[in-house]
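Working notes, beginning with the structure itself.
Since every read-out is calculated from the coordinates, none of them should be taken as a lab result. Note that the structure is a prediction, hence the values are computed from the model and not measured. In this analysis, Cβ positions are derived from the backbone assuming ideal geometry, glycine residues included, and neighbour counts consider all displayed protein chains.
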Amino acid sequence: MLFVYVMLGSQPFFITGIENVEAAQQNAFGALLTFVATFIISMFFIWKNSGVESDYDMAGDDKNRLNIDLKRDYGAVQTDSY
């Protein structure tokens, strides 16, 4: 978005299909501000919730949720599917 904004301001002839360069530049700047605001809000909530304990089981000390069901049934053959 920043790249598009700069390109529209400095070299708009490289971007084809734009009839109104000023309106396109304003739209690119608006998109840039929207992205930056969303990014900052997201980072704030990630930072705010970083110290909160999780409400779900984290599978022990290794914190690997992929191994919860695999540890119990590793190597077992399912025979009830026939």
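Worth pointing out:
- Per-pair calculated FRET efficiency, R0 = 22 Å: V4 and I40 via Cβ, rounded to 0.05: 0.60
- Over the stretch 1-46, all Cα pairs binned in 5 Å intervals from 0 give whole-percent P(r) values of 5, 24, 26, 17, 11, 8, 6, 4, 0, listed from short to long.
- Spin-label pair L33/N49, simplified geometry with 7 Å Cα→Cβ offset, distance in nm: 2.8
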